[in-house]
Structures are given as C-alpha cells and as structure tokens.
Amino acid sequence: AASTGGTGILIAGGDNARTSAEVFFPRSGKSCKVADLPDGRYYHTLDTVSNYTTGVLCGGGATSDTQTSCIQFSQATGTWSSYATTSHPRLGHSSWVSPEDSIVLMGSTDYYGGDRVAEILNSGLTFLLVQHTKFACSIQHDSYTVVTGGSNFRHSDATKYNLKGWVENLPKLLTGRERHACGFFHEGNDTILVVAGGFAGWRSLSSTELHRMGSSTWTVGQDLPSALDSLTSLSFNNQVMIFGGWKGKASNKIYSYKRGAWTLIGKLKIPRTAAAATAIVVNSTVCG
C-alpha cells in the first residue's frame, strides 16, 4: 500500500477519469486508489465535513441526476453513498464549508437562475450572488470565502461572501480567468490569496497572482511551470496545491506553492482535468 492511512487528499472524478478516485498522501508523496464513484463526475465540487471524516461531492457530470445530487465518501468504510439533492443543477460551480460545517454551493452553468444563486446544502436557505458565477474558484478562509474570476474569463472580480451573502468586493485580479486554481497561505500574521493558471481569451494561462488581505491590489507571483486550465486546487498545510489540469492533454502532476515558488511534489495515478479535491482523514483499509 502507498500509505498506512492518516491525513490525505481525496481527488475524485475529472473529464477524462470520470468515476475514478484516489488519495494522495503529501507526507510520503504517494497515492492509493479508492472506490470508484457510482457515476461519472466532472466540473463538480468536493468538500469535507464531520471533522475531516466525510467527503461530500456535489454536482457535475453530464446528466440532470448527477448535476442535482451530492454523494458522500466515508473514510471508515471507503464507500460512496447518497448525501443530498441540490436546489439547482450544479456544474462548474464553487463551494466552501462554514465553521458550522455547512456546505455552500455557489453558481453554475445553469442559466435559469443557478448561476446567480448560492445554496446552503440541506437547509433550504439560499442567497443571491452579485454576478453570474461559473467556472470561478473559491478560496475558503475561516468564516468567509472569496470567489475569484470565472464566467467565461470576463470576470476579474474577487468577491467576499459569508453565510449571509455578500460581504465586500476585493481588488480585481490583474487578469480575468476561469477554470483556474486558487488558495491561501499565511505569512506571519497576514493571509495571502493565490490564483494561478486558468483560461482566458482562448488561451491557457501560466501566470500566478497574489493578494495580501487588506492591501489594495494583486501582485505577480512565480508562473506555473506550464500553462494549465481546468485545474483542481486545495489550500493545505499552509500551501496551495494543484492537481492535474489541461494543456492539450490531461496532466498527472501535483504542484505546491510555498515560499514563493511552485514545486513538483508528486504525481496522480491517473491524469485528471476538471476534477475536485479535499483533505480527509483516511482509514488504512480504504486503499485498494
């Protein structure tokens, strides 16, 4: 086995790997295969609740059934099962988990209202987003999230929300982008937001932008090793991690942004594009 368990990163689905799932262990740099999804998913979201023991995958895929359903992964049994039904079809949406363990789904490619609606899963509560939001990237931090870019790369917005809705607009990105990576890390007492890669104007991007919370602008960071879009990203252990992506073909590379530089830290078992990832505590028996 790749690992005996512990905290890992669950990566699931993707446009070319629709039902497969694996867990990457940052400490060892190795991965293990886990149970397949019951149906194909891409441009979905994946979050963890219940003290990092349950992964919840929402929306995505090619059918109305997959785009309106959430399924859960149990770290104890390594199996997937039904979790919830969404109020709107969700594809190309963003998500975050509040300190109260509430999953919030934001935006969609659905033009009948879902692209402007955020829902708090299993509560019946919704709030309106300030712009049409699809293929954006959400940076979760404590009691709020910052939604960056999206919507056919027209948007360079960075918008802060909490469970009650809009909080404030942050400075605009230097380059509008969609299907990009994002995350945050701490530098002393400061929180630094990161966006990288993505798609703009019929081209993939390699550029990275940084925003120090409380400052008035985004600044240029080190480029990705190559231009990539349809990325999967995660803030983990004071670093921003990127999984896979697309540039002519799907990538299997895992990069970490730390101390101002991108570093290759591992490889996926299967190249993935438009997948999703979340941190989870894994029982050693779930590895296939």
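The values are calculated or read from the model by the stated rules, or taken from the named source; none is laboratory data. The shown structure was predicted, so the numbers you read here are calculated from the model rather than taken from an experiment. Counting neighbours? That spans all protein chains shown, and the Cβs are built from the backbone with ideal geometry, glycine included. Areas reflect the complete protein model, heavy atoms only, side chains present, ligands, DNA and RNA absent. Shrake-Rupley method; radii C 1.70, N 1.55, O 1.52, S 1.80 Å.
Things to note:
- Surface share of carbon and sulfur [accessible, 1.4 angstrom probe, percent] for the chain: 49
- Label point distance in nm, Ile265-Leu174, each placed 7 Å from Cα along Cα→Cβ: 2.4
- The calculated FRET efficiency for Arg212 paired with Ser81, based on their beta-carbon distance and R0 = 45 Å, is about 0.60.
- Average accessible area per residue (Å²) across the chain - probe 1.4 Å, nucleic acids and ligands excluded: 41
- Taking 0.36 nm per residue of separation and subtracting the current Cα-Cα distance, fully stretching the chain between Ser102 and Asn189 would add 28.7 nm.
- Net dipole in debye of the chain [+1 Lys, Arg Cβ; -1 Asp, Glu Cβ; about Cα centre; nearest 20]: 820
- The chain: relative contact order in percent, alpha carbon pairs under 8 Å with at least 6 residues between: 19
- At q = 0.13, 0.18, 0.25, 0.27 Å⁻¹, base-10 log of I(q)/I(0) for segment 113-195 (Debye sum, equal scatterers on each alpha carbon): -0.40, -0.76, -1.30, -1.43
- Length gained when the stretch Ser123-Thr63 is fully extended (0.36 nm per residue, less Cα-Cα span): 19.2 nm
- Of the chymotrypsin sites (Phe, Trp or Tyr not before Pro) in segment 3-63, the ones in a loop by DSSP (not H, G, I, E or B) with at most 16 other beta carbons within 10 Å are Tyr52.
- Read-out Rg and Dmax of the Cα atoms in Å, derived from the coordinates shown; its label in (1) 17.1, 48; (2) 19.1, 60; (3) 21.4, 70: (1)
- Note on Val167 and Tyr144: the model spin-label points, each 7 Å out from Cα along the C-beta direction, lie 0.4 nm apart.
- log10 of Debye I(q)/I(0), alpha-carbon scatterers only, for segment 1-160 at 0.11, 0.16, 0.21 Å⁻¹: -0.43, -0.90, -1.41
- Unsatisfied cross-links (Cα-Cα over 29 Å) in the set Lys30/Lys164; Lys160/Lys249; Lys30/Lys249; Lys164/Lys269; Lys134/Lys247: Lys30/Lys164; Lys160/Lys249; Lys164/Lys269
- Amide H partners (placed H, <5 Å) of Thr68, local residues excluded: Arg90
- Each label was represented as a point 7 Å from its Cα along the Cα-to-Cβ direction; for Lys258 and Asn237 these points are 0.6 nm apart.
- Only one residue of Ser230, Ser284, Ile242 has its Cα farthest out toward the positive end of the dipole of segment 183-288, where Lys and Arg carry +1 and Asp and Glu -1 on Cβ, and that residue is Ser284.
- Dividing the summed -39500 (n - 2.57) terms of all DSSP H runs of n ≥ 4 by the residue count of the chain sets its mean residue ellipticity at 222 nm at 0 deg cm²/dmol.
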